[in-house]
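The values are calculated or read from the model by the stated rules, or taken from the named source; none is laboratory data. Given the structure is predicted, the values throughout are model-derived calculations rather than measurements. Here the Cβ positions follow ideal geometry from the backbone for every residue, glycine too, while neighbour counts run over all protein chains shown. Side chains included, ligands, DNA and RNA excluded: accessible areas come from the protein's heavy atoms. Shrake-Rupley method; radii C 1.70, N 1.55, O 1.52, S 1.80 Å.
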Amino acid sequence: MNENININVHHITRVEGHGNIVVNVTNGRIEKLQWQVPEAPRFFESMVRGHSYQDIQTIVSRICGICSITHSLASIKALESALGIEVSQQADVVRILMLYAEEMQSHILHIGYLAAPDFFGTPSVVPLVSRAPATVKAIVKVHRTANEWANLVAGRPTHPVTIVPGGLTRVPTEKQFRQLQQSLRNIFPDAKAIAEVVLSVADSIPKFERPTEYVSLKQTSPPTYTFYHGDIASTDLNDATLPVSKWHEAANEYVVEQSTAKWAKWHRGSYAVGALARLNNNYELLSPMAKDAAKQFGLVKGCCNPYMNTVAQLVECFHLIETTIGIIDGLLTKGLKDETCLSGGKPPVKAGRGAGCVEAPRGILFHEYEFDKTGKCLAADICIPTGQNHANIQKDFEKLLPEILDQSEKDIRQKLEMLVRSYDPCISCSTHFLDVKFVQ
Amino acid sequence: MSERTTKNDVVVIGLGNILMSDEGIGVHIVRRLSSQQGKFPDVNFIDAGSAGMNLLHLIANRKKAIIIDCAKMGEKPGTVRRFTADEVVSIKHLTHFTLHEIDILQVLNLSKQLGECPPEVIFFGIEPETLKLGQNLSKTLAVQIDSHISAVCEELI
């Protein structure tokens with residue numbers, strides 16, 4: 001038993017917010033244990049007020065460099081709902097392929113660049129190049145393919161340019177879709193190799209469980225392991241769901257002293273969102289290869305080990321590759337239609353308020369906007385997945401720390417950091433400036 | 001611009017977030033440069049926004065990469081400095097909780113380790129005046145943007 005522990009993982013730089021872990025144990029008694037997010041609020045909602053509906057997705061796509069497609073799609077769904085703008089089935093399907101590309105980009109980044117160093121005990125991915133060169137090359141290849149995939153359907157690997165109100169400004173050709181299918185088939189062996197490596201170090205995934213409410217989208221018609229359509233589901237709700245328009249009833253945001261980011265709760269004091277939440281609500285709808293991967297890791301429906309979120313992301317990678325190949329077959333069997341929109345998109349049909357929801361890589365994301373009849377934005381509300389996970393991270397800490405107090409301070413710190421990383425948080429994604437000094 | 005174009009040997013990449021005032025200077029410059037694409041047909045101009053890790057793929061196996069970014073260098077706001085990775089050390093503090101915080105010099109290091117880093121990588125760092133929320137550059141940077149663009153163009157001749 002450690003009698004005295006003092007952990008302070010603490011970084012505050014100019015405008016970037018960061019997460020802090022603070023642990024104080026004195027004479028074996030936990031005096032302070034906090035997950036703090038001292039992030040300066042960025043008020044993106046105020047930035048879109050007064051802008052035309054045509055500009056919204058372009059602006060919000062810059063909120064984040066990793067979830068830019070996700071923010072674009074949540075906003076476009078919300079504004080199309082508010083303004084009564086319809087979207088063709090083909091555009092809808094191609095948008096889903098964009099989202100899949102971003103899920104893949106983000107998941108493989110998290111698994112390969114953040115989680116892998118944890119599993120191998122290295123400080124970053126750079127030393128892994130010499131230690132496990134084939135694995136790093138496989139990670140880079142899969143990530144590069146995901147980038148090319150996003151580039152093809154969204155016009156850029158990030159900050160998409162093809163999404164407009166009512167549809168898309170362009171759709172890939174049949175030949176390009178076939179090439180994408182082939183690229184995806186080509187990375188199956190790499191994805192399997194990555195899974196084998198993660199499996200070989202799976203013993204280093206802490207065995208920790210805490211019964212948790214998991215919240216995600218769920219689509220019943222047709223039944224789909226969904227990232228895009230459907231209603232809000234909770235593992236605390238059995239089969240009942242909540243329509244996206246009532247998302248405020250699920251994401252009950254509240255303010256706590258230890259964090260400038262809002263926390264959220266629904267049926268309990270906290271809930272979790274992300275890959276593990278999706279898997280717990282939709283496990284039976286995973287693709288066959290994804291189910292095989294889940295079985296390899298012993299990942300089953302009902303898992304409440306937050307560290308397994310990274311494995312759930314890996315399982316989803318197989319689902320995304322396999323499902324996309326099938327979706328493209330479906331698109332091409334129907335025949336691609338020439339129905340691209342002009343750059344301004346379709347005009348508003350009515351004034352109104354609307355909500356849009358998609359599964360970001362790190363969990364359910366809500367956007368809501370109100371527009372006047374000319375399409376000018378009057379109000380906006382955005383609720384990000386990481387914000388919804390903060391309270392749950394704190395609750396995990398509170399159960400975990402007493403269970404590992406007999407370990408060294410170094411190991412305790414490592415397990416707490418790994419726990420935060422397993423949620424794949426998006427804490428400070430708006431700035432990446434260089435901070436350098438010149439070598440004399 | 002879309003990157004569904006031919007991959008050229010030379011790439012000019014603008015990094016930054018255009019919602020955070022001067023943090024977006026790299027993107028503002030590369031957007032202006034894109035309008036001169038006719039003068040530089042063999043160069044790719046890419047607005048990479050705040051997608052830090054994508055830099056790895058954008059520079060891979062090129063002959064020359066020019067990266068334009070907002071840089072805290074301890075200089076007067078608006079100052080531009082041209083440098084290579086060997087001439088600086090990063091003093092950026094990262095928590096390593098999240099991939100949303102990126103040290104570009106580390107990405108370059110990974111690219112070298114993978115054997116796909118361009119032999120020539122040039123940075124143009126521009127000292128910001130403000131990083132507050134807002135879609136406009138500070139006046140200090142806005143009035144100097146033409147000279148920054150000229151400096152990058154000289155690198156392309």
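With both labels modelled 7 Å from their Cα along Cα-to-Cβ, the A:T340 to B:V89 distance reads 5.1 nm. Each residue, A:H248 and A:E209, gets one label point 7 Å from its Cα in the Cβ direction; the gap between the two is 3.8 nm. Shape class of the range A:252-363 from the Cα gyration tensor (axes a ≥ b ≥ c, square roots of the eigenvalues): oblate, since a/c reaches 1.5 or more and a/b does not exceed b/c. Taking amide H atoms as placed 1.01 Å from N in the peptide plane, the amide H of A:G166 lies under 5 Å from those of A:K346, each 5 or more residues away in sequence or on another chain. Among A:219-229, A:88-98, sorting by the average number of other beta carbon atoms lying within 10 angstrom of each residue, highest first, gives A:88-98, A:219-229. Within straight-line reach of B:K7, meaning a Cα separation under 16 Å, sit the following aspartates and glutamates at least 8 residues removed in sequence or on another chain: A:E148, B:D42, B:D47, B:E116. Computed on the Cα atoms alone, the convex hull of the protein assembly as shown gives a volume of 150 cubic angstrom per residue. Return the Rg/Rh value of the range A:96-142, two decimal places, where both radii are evaluated on C-alpha atoms and Rh is the Kirkwood radius. My calculation of the ratio gives 1.05. When A:E213, A:E249, B:E120 are compared by accessible area of protein heavy atoms, the largest-first order is A:E249, B:E120, A:E213, using a 1.4 Å probe. Take each residue in A:58-68, count the other chain C-beta atoms within 10 Å of its C-beta, and the mean is 5. Quick check on the range A:134-222: take the gyration tensor over C-alpha atoms, sort the square-rooted eigenvalues as a ≥ b ≥ c, and tell me if it's rounded (a/c under 1.5), prolate or oblate. Note, shape of the range A:134-222 comes out oblate.
Which of rounded, prolate, oblate describes the range A:170-322, given a ≥ b ≥ c as roots of the alpha-carbon gyration tensor eigenvalues and a/c under 1.5 marking rounded, otherwise prolate only if a/b is larger than b/c? Since a/c reaches 1.5 but b/c is at least a/b, the shape of the range A:170-322 is classed as oblate. Taking chain A as a Gaussian network, Cα atoms linked when under 10 Å apart, which of A:E339, A:E103, A:E316 shows the biggest mean-square fluctuation? Taking springs between Cα atoms under 10 Å, the residue moving most is A:E339. Could you list the residues of the range A:342-370 with an amide nitrogen less than 18 Å from a label point located 7 Å from the Cα of A:S52 in the Cα-to-C-beta direction? It comes to A:342-352, A:370, nothing else. With protein chains left intact and a 1.4 Å probe, residues in the range A:263-333 average 29 Å² of accessible area per residue.
Pairs exceeding 19 Å between alpha-carbon atoms, taken from A:K175/A:K337; A:K192/A:K291; A:K262/A:K410: A:K262/A:K410. In this simple spin-label approximation, A:L199 and A:F438 carry label points 7 Å from Cα along the Cα→Cβ vector, and these lie 5.4 nm apart. Taking a virtual spin label 7 Å from the Cα of A:T374 along the C-beta vector, which residues in the range A:334-349 bring their backbone nitrogen under 15 Å of it? A:348, by backbone N distance to the label point. In percent, rounded to a whole number, the relative contact order of chain B is 32, using alpha-carbon pairs under 8 Å and six or more apart. Segment A:R268..A:F120, full-extension length gain: 49.8 nm, with 0.36 nm per residue of separation and the alpha-carbon distance subtracted. For the options A:T310, A:T135, A:T260, a Gaussian network treatment of chain A with springs between C-alpha atoms closer than 10 Å singles out A:T260 as fluctuating the most. Computed over neighbours whose Cβ is under 13 Å from that of A:A351, the net charge equals +2, Lys and Arg +1, Asp and Glu -1. Take each residue of peptide B:51-62, count the partner chain Cβ atoms within 10 Å of its Cβ, and average: the result is 5. Rounded to the nearest 500, the helix-only mean residue ellipticity at 222 nm of chain A stands at -13500 deg cm²/dmol, with each DSSP H run of n ≥ 4 adding -39,500 (n - 2.57).
When peptides A:166-177, A:26-37 are ranked by their average number of other Cβ atoms within 10 Å per residue, the highest-first order is A:166-177, A:26-37. Here r is the Cβ-Cβ distance between B:E120 and A:V256 and R0 is 51 Å; the resulting FRET efficiency, rounded to 0.05, is 0.55.
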